[in-house]
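Below is one structure, written out as C-alpha cells; the observations come after it.
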C-alpha cells in the first residue's frame, strides 16, 4: 500500500522550520558582531548568550531532523536534473550548518583553556563534551567558516523558493499554514518572512549587551541613576539564613533611617597578591540598597549585589581566568551579595557593618568597616573588608595553594550618596 504524500509539511515541521530560520539568522549576525564588542563584561555577556542560542538551535535542529525522517512530507518539485541536485545539496548542507555550527561551538567551549560553566540563558547548566584539546583548533576554524557558509546557503535556499514561486509552483506555500492558499497571499507571506529574517540578522548584529555601566545604588523600589538595572537582587532561599529578613524588617520599622541613592563615579575594588605582586581590580557593575542614619543604627541596613562578570583587573586574560570555573564560576554563580545584619559605631564617623557574604555558592559572615561623612543630604563613604577566598571555594585545584596566590583578598569601596525621602 502506497502512502500519499501531503500537500504541505506538518504543523510541527512548519513551526520548527521558521523558528530555526529566524534563530539561525540572528545567531549568524550575533556571531559576526561578537569580536567587535568591547572586551570584558560586555563581550563576556555576548558570548554567553551566543552559546545559549547555539544550543537552542542544535536541539531544535535535531527535532526537525527527526520530524523530517519520520513524518510524511511533500514530494520534491520536479525540475531540471541540475536544479534538483543543487536543491538537495543546499538542504543537506543547511542541516550540516544547523547541527555542526552549535556542535563545533560546544567543542570550543569544552576544550578552552579557561573553562566557564555554560548556563543556558543564565538558568540551566549545560555540560562540556568529553573531547580532547586536539579538537579545539579544528573546531574553531570550522565554526568561524560556518557563519559565512550558512549565510550563502540561506541566500540560495531563498532564491530557489522565489524561483519556483515566480514559476507559479507552490513551494513556499508548502511551508505555510493551510489557511494561506492563494498565490498572491503566499507571495506576501514569503516576502514578509524574508523581511523577518533580515530583521533577525540585523537584530543579532546590533544587539546591545550591558557591561560598562557606572556603579550605583537603588533605593527600595527604584533603580538608581547609573546603576546596573540588569543585575537583579538575588533573594536567598527559604532554607537560607534569615539575616536578609532581619535587615529588611529593621529598615521597614526604622523611625529615622532614610534610603540613600548612590551618585555616579563610585568604585568597588579588590586587592590580592600573586607571587609577591599586588593585583588591584574593580567591578564595573554593582548596585546597593542602603538605609542609614547615625542616630538609628538598629534601623539601618546595607544590601549590595556585584555582577562578577564585570571584573576588571587590567588584564583581559586574567579577567577571563577570574570568570572561569576555577575562580568565580560566573556561569553558575554570576553574582555575589553582601547583606548586613547589624551596623555598629566604631568611633567618630566610623562604623562596622556585620553581615553575610554570598559568593560562589557559599555564605560566610563578613565585617565591612567604613568611614562616613554626612553633610546635609550628601554623604561620602570609604570602606574595606577582608575575606578568605578558599573558604568560598574561589581558586580551586592548582590555585588552592597559597604560596603564590594568597588566601586573603581585600575589598574596598569609595562612594558618594544623596539622601532620599523616606
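The values are calculated or read from the model by the stated rules, or taken from the named source; none is laboratory data. Quick caveat: nothing in here was measured; it's all calculated off a predicted structure. Methodologically, a virtual Cβ is constructed for each residue, glycine included, from the backbone with ideal geometry; neighbour enumeration extends over all protein chains shown.
Tabulated values for the structure
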| item | result |
| --- | --- |
| Failed item in (1) at pLDDT below 95; (2) out of contact with any helix residue (DSSP H, G or I) (no Cβ under 8 Å at 6 or more places or on another chain); (3) under 19 Å from residue 287 (Cα atoms), with residue 360 passing the rest | (2) |
| Close pairs from region 25-38: first in the same structural domain as residue 58 (by TED's automatic domain parsing), partner crowded, with 21+ Cβ neighbours inside 10 Å and assigned to a loop (DSSP other than H, G, I, E, B), Cβ under 9 Å, at least 6 apart | 37/211; 38/211 |
| Residue within region 137-160 that is over 29 Å from the mean Cα position of the chain (by Cα), without any contact (Cβ under 8 Å) to a residue 40 or more places away in the chain and farther than 30 Å from residue 105 by Cα present | no |
| Verdict on residue 366 being assigned to a strand (DSSP E or B) and either in contact (Cβ under 8 Å) with a residue 12 or more places away in the chain or in the same structural domain as residue 284 (by TED's automatic domain parsing) (or both) | yes |
| Qualifying residues in region 43-80 (those that are closer than 15 Å to residue 16 by Cβ and not in a helix (DSSP H, G or I)) - the one modelled with the highest pLDDT | 71 |
| Residue ID - surrounded by the fewest Cβ atoms within 10 Å (Cβ to Cβ), chosen from residues in region 376-396 that are in contact with a strand residue (DSSP E or B) (Cβ under 7 Å, 6 or more places away or on another chain) and at positive phi | 393 |
| Checklist (1) in a strand (DSSP E or B); (2) farther than 22 Å from residue 319 by Cα applied to residue 119, failing item | (2) |
| Residue check for residue 177: in contact with a strand residue (DSSP E or B) (Cβ under 8 Å, 6 or more places away or on another chain), more than 13 Å from residue 103 (Cα to Cα) and surrounded by fewer than 17 Cβ atoms within 10 Å (Cβ to Cβ) | no |
| Filter result for the condition that a residue is modelled with pLDDT under 90 and in a helix (DSSP H, G or I), over 136, 165 | 165 |
| Selection within region 115-134 - under 18 Å from residue 51 (Cα atoms), surrounded by fewer than 16 Cβ atoms within 10 Å (Cβ to Cβ) and either without any contact (Cβ under 8 Å) to a residue 40 or more places away in the chain or touching a helix residue (DSSP H, G or I) at 6+ places or on another chain (Cβ under 8 Å) (or both) | 121, 122, 123, 124, 126, 127, 129, 130, 131 |
| Breaking point among (1) surrounded by fewer than 18 Cβ atoms within 10 Å (Cβ to Cβ); (2) in contact (Cβ under 8 Å) with a residue 60 or more places away in the chain, for residue 327 | (1) |
| Residues of region 57-107 classified as without any contact (Cβ under 8 Å) to a residue 40 or more places away in the chain, surrounded by fewer than 18 Cβ atoms within 10 Å (Cβ to Cβ) and closer than 23 Å to residue 141 by Cβ, total | 4 |
| Odd one out for residue 373, checked against (1) in a strand (DSSP E or B); (2) surrounded by 14 or more Cβ atoms within 10 Å (Cβ to Cβ) | (2) |
| Strands (runs of 3 or more DSSP E) enclosed by region 251-320 - at least 1 residues per element that are in contact with a helix residue (DSSP H, G or I) (Cβ under 6 Å, 6 or more places away or on another chain) and surrounded by 17 or more Cβ atoms within 10 Å (Cβ to Cβ) | 277-283, 286-292, 301-307 |
| Members of region 397-413 that are within 30 Å of residue 373 (Cβ to Cβ) and surrounded by 14 or more Cβ atoms within 10 Å (Cβ to Cβ) | 409, 410, 411, 412, 413 |
